[in-house]
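Novice: One structure, as structure tokens, below. Some questions next.
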Amino acid sequence: MWDCNLRLSVIASVIILPTSILYPLAPSPYLALGLMAFNGFVASIGAGPATAALQLITPNQMRGQINSLNLLTFNIFAAAGPTFVAVFTDFVFHKNADLKYSIMLVALAINPIATFISWLGLKPYGRSVKRAQEQFA
């Protein structure tokens, strides 16, 4: 299977979707913490292979620049998450007490979109890995 690195990231995204939605709504702080810990663990399983996936298809001369661009993009989108939560809390729910619903709504909106975009890239990524291995072998 040529796309296993990206496929593992997609699987991790699918697994964390329910816990991303449920942990803000958990009735106890211990359950919320447990769901968040599980969420973080599974999300970190997909992070390493995602970086490796990018390195496999990038020519040696460009790996530093592509990795820097990847980190820049990741940090921009990672910074947007809390901003979206704040916008939903202030302009949709209008109460700080509804922060949990904002967190849930942002996870419900962003995670499926990111998972779908990654899933769309599986076949092209597999072809790129195969081409890179044939070219560099």
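No lab work stands behind these numbers, since they all come straight from the coordinates. Nothing here was measured: the structure is a model prediction, and the numbers come from that model. Note that we place each Cβ from the backbone using ideal geometry, even for glycine, and neighbour counts take in every protein chain shown.
Novice: For the chain, what does -39500 (n - 2.57) per DSSP helix run (n ≥ 4), summed and divided by total residues, give at 222 nm, in deg cm²/dmol to the nearest 500? Please list the in-between numbers first.
Specialist: Working: 5 runs with 111 residues, N = 137.
Mean residue ellipticity, 222 nm, calculated: -28500 deg cm²/dmol.
Novice: Within 10 Å of each residue's Cβ, count the other Cβ atoms and sort Asp3, Asp98, Asp90 from fewest upward. Don't skip to the answer; put the middle values down first.
Specialist: Values: Asp3 19, Asp98 15, Asp90 12.
Taking fewest neighbouring Cβ atoms as first place, the list is Asp90, Asp98, Asp3.
Novice: Give the peptides 126-136, 11-21 in descending order of average Cβ contacts within 10 Å, highest first. Could you put the intermediate results ahead of the total?
Specialist: Numbers: 126-136: 13.1, 11-21: 18.3.
Ranked from most to least packed, the peptides come out as 11-21, 126-136.
Novice: Kindly write out, for segment 42-52 in residue order, the coupling ³J(HN,Hα) from the Karplus curve 6.51 cos²θ - 1.76 cosθ + 1.60 (θ = phi - 60°), rounded to whole Hz, with x marking Gly and Pro.
Specialist: 5, 4, 6, 5, x, 5, x, x, 5, 5, 5
Novice: Which of Met104, Met62, Met36 comes first, and how do the rest follow, when ranked by fewest Cβ neighbours within 10 Å? Numbers along the way, then the final one.
Specialist: Numbers: Met104 19, Met62 10, Met36 15.
Final ranking by Cβ density, sparse to dense: Met62, Met36, Met104.
Novice: Relative contact order for segment 4-136: what is it in percent, counting Cα pairs under 8 Å that are at least 6 residues apart? Mind dumping the intermediate values first?
Specialist: Numbers: 99 pairs, mean separation 48.1, N = 133.
Computed value for segment 4-136: 36 percent relative contact order.
Novice: Ala97 versus Ala114, label points 7 Å from Cα toward the beta carbon: distance in nm?
Specialist: The modelled label-to-label distance comes out at 3.1 nm.
Novice: Between Lys130 and Leu33, what length comes free when the chain is fully extended (0.36 nm per residue of separation minus the Cα-Cα distance, one decimal in nm)? Don't jump to the answer; show the numbers that get you there.
Specialist: Working: separation 97, 0.36 × 97 = 34.92 nm, distance 4.11 nm.
In short, 30.8 nm is gained.
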